[in-house]
1. In whole Hz, with x marking every Gly and Pro, tabulate ³J(HN,Hα) for segment 155-172 from phi via Karplus 6.51 cos²θ - 1.76 cosθ + 1.60, θ = phi - 60°.
2. Which of the trypsin sites (Lys or Arg not before Pro) found in segment 73-104 are loop residues per DSSP with 15 or fewer other Cβ atoms within 10 Å of their Cβ?
Amino acid sequence: MELQILISKKGTKVVTASNLYGALELPEQHYGTALLKWIDNFYEFTDGIRKPVRLQDYAKRKISNNPILKDYYLSIEMAKKIALRSKSKLKRKFAKQLHAIQDREEYAEVLTQEQIETVLEVTKMMTKMSCQESAERKHQEIYTSRNGGSGANWWKYRSHLLGYSADYLRKQMEAQGKKHKGKTQRQMLLHLNNKPEMIRTAVIDLFIASGKSDSHAKKLGDMARLFALEMQLDVYDDKESGNLFASSINTAMLSELKNYRHAAAL
C-alpha cells in the first residue's frame, strides 16, 4: 500500500492513521490497540515536545460511511515518529519519505520573499537584548508546558539545539583570559564579541515560540546570522537606555509570527 499525503483545509500536509497503519503492513486485528497507543502515548519530538499537542499534531477524522471505525489525521512529523517506532519492516522507507516531504516543504518556505523580509526585520529587532530575553523566556515557557510542566532538561535540549553549551562558552572565555563566573550564556557571547550568534540564537527562540519546528527555526536563525554579519549589526542592552516599550513590541512581533505560515509579512 502506498502512503497517501493529504492537504488539510489550512494547507497543511497530513496522513491518516489508517493509511499509515496499512502502508506499514501491521496486523489488521491490532489496529484499534495501536491507534490508542499512537494518540495517548508520549512521543519525543525533535523540538523537545514529549506529547503531541491536541489539534496541532493530530485531529480526529470523521468517516461518514463507517462511524464505528476510528481514524485520525496525523502531522507529517508525528507520522514519521510513529513509523520509526513501529515494528514494521517498512518503517525506514516511509520515515525517509515523510522526512523528505518535510525538507522540501521547509526549504521552499524559507525561500519565499515575504518570509525572507520577515527574517530580516526580526534580525534587526534582535539587536535589542530585551527582545532576545523575551524570545528565550517564551520558548522556555512553551518547552516547559509541553513537557508536563517540567523544565528539567531545558539546558540539555537547548545545548543540542543551538550547537553550544555554557561549558563550551566558559572554555572560550578562559582561553581569552576573560572571567565567566556568574555570567549567562548571552553575556558570555557578548564578551566573546559573538554578536551574530546572539542574534541567531534569539531568532531560533522566537520562531520556535511561534510554532516552527526546530529544524526550520534553525534554518531561519542561520539566515539571520548571515544578515547580521552582512549588515555588521551591533547588539545593545536597550533596558539601560530606558526602552519602556520593549515588552509590547515583543508581544506584537510574536503575534504577527503566529500567522507566519500563512504568508504574514511585517
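1. Those phi angles translate into 6, 5, 4, 5, 4, 5, 5, 8, x, 8, 10, 5, 4, 4, 5, 4, 5, 5 Hz.
2. Listed in order of number, the matching sites are LYS87, LYS89.
No lab work stands behind these numbers, since they all come straight from the coordinates. Everything numeric here is computed off the predicted structure, so don't read it as measured data. Cβ atoms come from the backbone with ideal geometry, glycine included; neighbour counts cover every protein chain shown.
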